[in-house]
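Peer 1: Please read through the structure below; I'll follow up with questions.
The values are calculated or read from the model by the stated rules, or taken from the named source; none is laboratory data. From a predicted model like this one, the values you see are computed outputs, not experimental measurements. Cβ placement follows ideal geometry from the backbone for every residue including glycine, while neighbour counts extend to all protein chains displayed.
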Amino acid sequence: MLDLLFLVPLLPLAGFAVLVALGNRMNRGLVATVGAGSVGLAALVAVLIGFSFIASAPEGDAFTQTVWTWIDVGSFKPEIAFYLDSLSVIMIMVVAVVSFLIHLYSADYMLGDEGYARFFAYMNLFVASMLTLVLADNLVLLYLGWEGVGICSYLLIGFWYKDPANGRSARKAFIVTRVGDTAMLVGLLLLFTHLDTLQIQPLMERAPEHWIEGSRIAVVAAALIMGGALGKSAQLPLQVWLPDAMAGPTPTSALIHAATMVTAGVYLIARTHVLFEMAPVIHTTVAAVGAGTLVLAGFTALTQRDIKRCLAYSTISQIGYMFLAVGVGAWSAGIFHFMTHAFFKALLFMGAGTIILGLHHEQDMFKMGGLRKQTPVVFWTFLAGSISLAALPLVTAGFYSKDAILAGAWASDAGGRWLWAAGLFGAVLTSLYTFRMIFLTFFGEVQTPFHYKVGIRIWLPLVVLAFLSIVGGFVDLPETLGHRLWFSDFLHTSLPETEELAKSTVANLQIAAALVSLGGVALAYLLFLRSPQLVGSLVRTPLGKALHQFWFVGWGFDWLYDRLLVRPFVWVARANRSDLFDQIYVFIAWTARIANGVLSDTQTGRLRWYAAGVAFGGIVAVAIVVLI
Amino acid sequence: MASISMEQGLLLAGVLFSLGLIGVLARRNIIFILVSLEVMLNAAGLAFVVAGYRWGQADGQIIFLFILTMAAAEVSVGLALALQLYRHFKTLDVDAASKMRG
C-alpha cells in the first residue's frame, strides 16, 4: 500500500496537466470531474496509506520512496523522494481530504465563472505542490513545493485579474512572502555548506553532532528557517499580506489562505525541530512571535466589517497559536491545532462564501443579519465551525487542541506564564470575535434577502467538515478527560515528547480556558446582540474611536511599511530612472533612429536615382576588382 | 575579310553601354528609358560576341541568344508598366511615379 505514495502528489499534478492542455475544450462537468476527481483519488490514496501506516508502522516508523534522482552534482544530490513518517501521514491526510472537500464545493461555487477550467488547474497544481511540500525527503524538494504553493497562491489571489486591485493584492502577497522565502533559501544554503547535506533526516542527525547548542551558526540557521516560516504563515512582522489575499475566490481563501498553505510554516518548524532545539533563543522567539501575533490579530478581527477579512485575521491569530505551540516545544499540540483548524476554518470560509454568494457578493457583516432562518444548513454548520474556533469546552475539536497548546505554554520554562496568559487572552478575543460574527450574520433583523439554492456539492462538504470540527478533537483526550492520547502518541515517533504536567494543574488550566471561552461568548452576546448601543457608545468616545480605527487597519502595519519601505523604494526607482545603464540603451535607440532617418532620405521614389545608385555601385564593385 | 580586333569591339560595346546608361539616367520619358535599356543589353551582348570570337568559341553567341530572350521578356513587362503608368498619371514621365519615398 505504501508503494502507492508517489500517486498522492502525482494525481493532482496529472489533473493540472490535463486541465491546462485541454481545459478550454472540455465542458464544465468534465472539468469538475477531472479537477475534483484527481484530488478525490489522491485523498483516497492518502487515507488508505494513512490507515495502513497507522495499522502497521513500517520499520523505523518511516518509509522513503525514491522516484528518481533530480540533480547530481558532486555531493549535492537531491532526489525526488517522498518521506513518510507519522508527521507527514497526518499532513497528507488532512491536506488531501480538506482539499477534496473544497474542490467539491468549488465545483458548484465557481460554476458561473468563465475561468472555470483555469481555476481548477491552479487549484490542482496547488494541491500537488502542497503534498510535495509535506512529503519531501529533502529540503530542496520541500523548497520546490514551497515555491509551488507560493505561485499558486499568487495566481489564485489575482484570479479575477481584470480588477487591478486584485493584481495588487496578489503582488503584495507574493512580494511579502518572498522576503521570508529569501531568508529560507539563504538558510538552506547555509545548512548545505556547513553540514553538507539537505536530506532532512541526516541533517537532523548531523546538526547536534557538528554544532554546539546555542552556538552562533545554529542560531543563524534556525533564524533564517524561521524567517521563511514567518512569511508563509503570515506571522509578525510579515502578516500584512494575508488579509489582502482575500481578494481571491472564496474556495481559494478556504484552501490556501486558511487550511493548508499558511500552515506550511508550522510544518517546516516541526520538520526541522532539531535546529530549533539547538537554538533556544530562536525557539523562544517563535513562541513569542506566535503569542504576539495571536493577540494582535485577535484585536483586529474584532473590528472588521468584512466577513472574509474577519476570518483572515482569525486565521493569522490561530496560526499564532500553532507557532506558540511549536515555540514552546508542544510539537504534537501544534500539529493537532493545525488539523482542527484546517477543519473548522475551511468550513467557516466555505460557509461565508455561500452567504456572500447568496447575498449577491455582499461581504459587509453589518448588512447581513437574520440568516439563521433563511439558510439553516449554512447556519448550523457555520455554528459548528464557530464553536470549534471559539473552543467551547468538551464538545468541540478546537477546545482539545487549544487546551493542549495552553498546557504546553504553561509548562515551558522560558516565560511560560506570560505566553500562557497571552494565549488565554487570545482565547477571549477569539470567542468574542467569532460570536460577534455569528450574531451579526445570523441573528437580528433580515437586512438582505438570501437567494441561493444550496446544492449537494455545497452542503456535503460543509456537513462533513462540521462533523470533523466537532469530533476531530476526540483523537487526543487529555489525562483529565479520558486519557486517550492517540494523536500525540502517534506523532511521538517523529516529534519529541512534551513535558507532562501534574493532573491537577492540567485540570485547573482547562477550567480557566473553558471559563474564558464561555465568558467570551457571553460577552459577545451582551455586546453585539443584547445591547449593541453599548458598543456604539464605546466606539464613539475619542479613545474608543482611535483604538477602533487603529485595530481596524491592523495596527497600522500597512501604513508603516508603506512609509518605511514602499515609498523610499519607489522614490529611488524614480530617481534612478535615467542612470548610466539607461543612457546606454537610450543611445542605442537614438543611433538606430538617426540611421533610419538618413537611410529613408535616400528613398526618393525616383526611379532614375535608383538606377544611378545601381550604376554607381556597379562602378565601385568593378573598381575594387580592377584596382585591388 | 578584315578582322576586327577585340579591343575595338569591346570599346564599341563600352561606348554603347555608356550611352545607354546615360540615356536611362538622363531621360524622363519611360519609352526612351526602355529603349536605352535595350541599348545597354545589346552592348553587353556585343561584348559577349566579341569575346566568343576572340576565343573561337560559340559560348558568346549562345549567351547573346539568352540575352535576346531576356530582353524580349523585359520589354513586355516594361511596356506593360508604361501602359499602367500612362493610365494612372496621364503622362510618360517616370518622375511622376515617385510616391513611394521614405
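Peer 1: Inspect all residues belonging to the range A:311-324 and state whether any of them is closer than 24 Å to residue A:141 by Cα, modelled with pLDDT of 90 or more and outside any helix (DSSP H, G or I).
Peer 2: no
Peer 1: Does the range A:123-133 contain any residue that is of a type in the set (A, V, I, L, M) and surrounded by fewer than 24 Cβ atoms within 10 Å (Cβ to Cβ)?
Peer 2: yes
Peer 1: Do we find that residue A:23 is in a helix (DSSP H, G or I), touching a residue at least 24 places away in the same chain (Cβ under 8 Å) and over 19 Å from residue A:101 (Cα atoms) in this structure?
Peer 2: Yes.
Peer 1: On the given criteria, is residue A:384 crowded, with 16+ Cβ neighbours inside 10 Å, modelled with pLDDT of 90 or more, small (Gly, Ala, Ser) and outside any loop (DSSP other than H, G, I, E, B)?
Peer 2: Against the criterion (crowded, with 16+ Cβ neighbours inside 10 Å, modelled with pLDDT of 90 or more, small (Gly, Ala, Ser) and outside any loop (DSSP other than H, G, I, E, B)), residue A:384 qualifies.
Peer 1: Which ones in the range A:20-53 are under 14 Å from residue A:107 (Cα atoms) and either in contact with a Phe, Trp or Tyr (Cβ under 6 Å, 6 or more places away or on another chain) or of a type in the set (Phe, Trp, Tyr) (or both)?
Peer 2: Selection gives A:28, A:31, A:35, A:39, A:40.
Peer 1: Within the range B:50-60, take every residue that is touching a Gly at 6+ places or on another chain (Cβ under 9 Å) and surrounded by fewer than 18 Cβ atoms within 10 Å (Cβ to Cβ) and give me the one that is nearest to the other protein chains (Cβ to nearest Cβ).
Peer 2: Ranking the qualifying residues of the range B:50-60, first place goes to B:51.
Peer 1: Confirm whether residue A:430 is within 26 Å of the chain's Cα centre (by Cα), within 30 Å of residue A:111 (Cα to Cα) and surrounded by 17 or more Cβ atoms within 10 Å (Cβ to Cβ).
Peer 2: Spelling it out, it is not the case that residue A:430 is within 26 Å of the chain's Cα centre (by Cα), within 30 Å of residue A:111 (Cα to Cα) and surrounded by 17 or more Cβ atoms within 10 Å (Cβ to Cβ).
Quick grid of which residues meet (1) surrounded by fewer than 23 Cβ atoms within 10 Å (Cβ to Cβ); (2) outside any loop (DSSP other than H, G, I, E, B); (3) at pLDDT below 90:
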{"residue": "A:201", "(1), (2), (3)": "yes, yes, yes"}
{"residue": "A:212", "(1), (2), (3)": "yes, no, yes"}
{"residue": "A:223", "(1), (2), (3)": "yes, yes, no"}
{"residue": "A:237", "(1), (2), (3)": "yes, no, yes"}
{"residue": "A:265", "(1), (2), (3)": "no, yes, no"}
{"residue": "A:287", "(1), (2), (3)": "no, yes, no"}
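Peer 1: Which number in (1) closer than 26 Å to residue A:604 by Cα; (2) within 14 Å of another protein chain (Cβ to nearest Cβ) marks the one condition that residue B:43 misses?
Peer 2: Every listed condition holds for residue B:43 apart from (1).
Peer 1: Just for helices (runs of 4 or more DSSP H) wholly inside the range A:534-614: which have at least 2 residues that are within 14 Å of chain B (Cβ to nearest Cβ), free of Cβ contacts under 8 Å to residues at least 24 places away in the same chain and charged (D, E, K, R)?
Peer 2: Correct list: A:580-602.
Peer 1: Name the residues in the range B:4-40 that are touching a residue at least 60 places away in the same chain (Cβ under 8 Å) and more than 10 Å from every other protein chain (Cβ to nearest Cβ), would you?
Peer 2: Scanning the range B:4-40 gives B:29, B:31.
Peer 1: Another one. Out of the residues in the range B:61-102 that are surrounded by 12 or more Cβ atoms within 10 Å (Cβ to Cβ), among the charged types (D, E, K, R) and within 15 Å of residue A:607 (Cα to Cα), which is farthest from the other protein chains (Cβ to nearest Cβ)?
Peer 2: Among residues in the range B:61-102 that are surrounded by 12 or more Cβ atoms within 10 Å (Cβ to Cβ), among the charged types (D, E, K, R) and within 15 Å of residue A:607 (Cα to Cα), the one farthest from the other protein chains (Cβ to nearest Cβ) is B:93.
Peer 1: I would also like to ask the following. For the range A:41-88, which positions are in a helix (DSSP H, G or I), surrounded by fewer than 21 Cβ atoms within 10 Å (Cβ to Cβ) and within 25 Å of the chain's Cα centre (by Cα)?
Peer 2: A:41, A:44, A:45, A:47
Peer 1: Which of the residues that make up the range A:475-504 are surrounded by 14 or more Cβ atoms within 10 Å (Cβ to Cβ) and over 31 Å from the mean Cα position of the chain (by Cα)?
Peer 2: Across the range A:475-504, the qualifying residues are A:479, A:480, A:481, A:501.
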